[in-house]
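Before any comments, here is the structure.
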Amino acid sequence: MRTLALALGALLCGTALAQDKVTFATNWKAQAAHGGFYQAVADGTYKKYGLDVTIQQGGPQVNNRPLLPAGRIDFLMTGNLLHSFDNVKNGVPTVVVAAMFQKDPQALIAHPGQGYENFAALKNAPVALIAKDGQFSWWQWLKVTHGFKDEVLKPYNYNLGPFLANPKSIQQGYSVAEPIYVQNQGKFKPVVHLLADHGFSTYSTLIEARTETVKAKPDLVQRFVDASIVGWVNYLYGDRKAAAALMMKDNPEMTEAEMEASVALMKQQGIVDSGESLQGGIGAMSQARINDFHAQMVKAGLYKAGEVDLSKVATLQFVNKKVGLDQKVKLGGR
């Protein structure tokens, strides 16, 4: 009898300890902008939510996007809503389940003392170093909304040399990365203008899932979203050394000092925790804001009215639940 009880107890314990295996792919090499996800691995948050999560990093030679609809990964981190609009337009069966960044870190950076402290002056720069994907996306919005001109465009090849050599030039940058590189290489603090602060209202660092996963395994999706949110709270406001170690293991080019500088910029700029997240928790979204951003992109000529079914872009069932707010207060976050 005692043997049977022990066997049953072991079976029950084994069931309780079972972890759902999940593969989450990012869109670039490990960096502070991915920190909350690595934090949730490092501090056991995913495990606490019954998840065994493998993070599969992206990079310049890696395209993780097709792996989600193909069923080879479970969740995907994407840059902004433009990717999600494209998926819906092209009939790709994925849906956004959370938006970890309230602001897209896409920015324009300039040399100080050149008259570019005012955002409106940027359109008068004689040279704008913008990568091809930017030229065909948010640059079109800048032209329609803020009067920028194609004549000043030069390709940005992710080399700071041309920008540093020309004080009158402006260039694109990830607001939590390029300003750090400019300070390290150019020995000056650049002027940084977040597009998000001037009407580019997309969410960023989205979590996408397959639509069938949302329908068949909503509990799994909810646990992954909740644990990721808690991971971001702990990363921003708690001890992030273990997460930094994991990221440096995946991406040896990264340094802890660079990641700390990036976290400071994320907080200063309100990239993760601002706007809707202050009430609904990190990851918060609203349909009104998704609709607003789409309307802007239609005006910019990126989409035709009606060609994207906005009801299929994102689901709000997993967010806006105040997850992590108590933990943030406990850690001293505002």
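The values are calculated or read from the model by the stated rules, or taken from the named source; none is laboratory data. Keep in mind that this is a model prediction, so the values were computed, not measured. All Cβ positions, glycine included, derive from the backbone under ideal geometry; neighbour counts span all protein chains shown. The accessibility values were calculated without ligands, DNA or RNA, using every heavy atom of the protein model including side chains. Shrake-Rupley method; radii C 1.70, N 1.55, O 1.52, S 1.80 Å.
With A261, A243 as the choices, which residue is buried (at least 20 other Cβ atoms within 10 Å of the Cβ), of a type in the set (A, V, I, L, M, F, W, C), assigned to a helix (DSSP H, G or I) and at pLDDT 95 or above?
Answer to the check: A243.
Could you please find all residues in segment 39-51 being open to solvent by 20 Å² or more (accessible area, probe 1.4 Å) and part of a loop (DSSP other than H, G, I, E, B)? Can you show your working first?
Here is the first cut: in segment 39-51, the residues open to solvent by 20 Å² or more (accessible area, probe 1.4 Å) are 41-44, 47-49.
Within segment 39-51, D43, G44, Y49 meet the criteria.
Quick one: is V152 at pLDDT 95 or above, surrounded by 13 or more Cβ atoms within 10 Å (Cβ to Cβ), farther than 30 Å from F85 by Cα and touching a strand residue (DSSP E or B) at 6+ places or on another chain (Cβ under 8 Å)?
It is false that V152 is at pLDDT 95 or above, surrounded by 13 or more Cβ atoms within 10 Å (Cβ to Cβ), farther than 30 Å from F85 by Cα and touching a strand residue (DSSP E or B) at 6+ places or on another chain (Cβ under 8 Å).
When the residues of segment 296-334 are narrowed to those that are surrounded by 15 or more Cβ atoms within 10 Å (Cβ to Cβ) and small (G, A, S), which ends up farthest from K217 (Cα to Cα)?
Across segment 296-334, the extreme among qualifying residues is A300.
Report every pair of residues separated by at least 6 positions or lying on different chains whose Cβ atoms are under 6 Å apart, first residue within segment 46-62 and within 14 Å of N27 (Cα to Cα), second assigned to a strand (DSSP E or B) and open to solvent by 30 Å² or more (accessible area, probe 1.4 Å).
Sorted first by the residue in segment 46-62, then by its partner, the pairs are Q56/T23.
Listed here are the residues, each with its yes/no results for (1) without any contact (Cβ under 8 Å) to a residue 40 or more places away in the chain; (2) open to solvent by less than 30 Å² (accessible area, probe 1.4 Å); (3) aromatic (F, W, Y); (4) not in a loop (DSSP other than H, G, I, E, B).
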position: G173; (1), (2), (3), (4): no, yes, no, yes
position: Y181; (1), (2), (3), (4): yes, no, yes, yes
position: F200; (1), (2), (3), (4): no, yes, yes, no
position: L206; (1), (2), (3), (4): no, yes, no, yes
position: E212; (1), (2), (3), (4): no, no, no, yes
position: K215; (1), (2), (3), (4): yes, no, no, yes
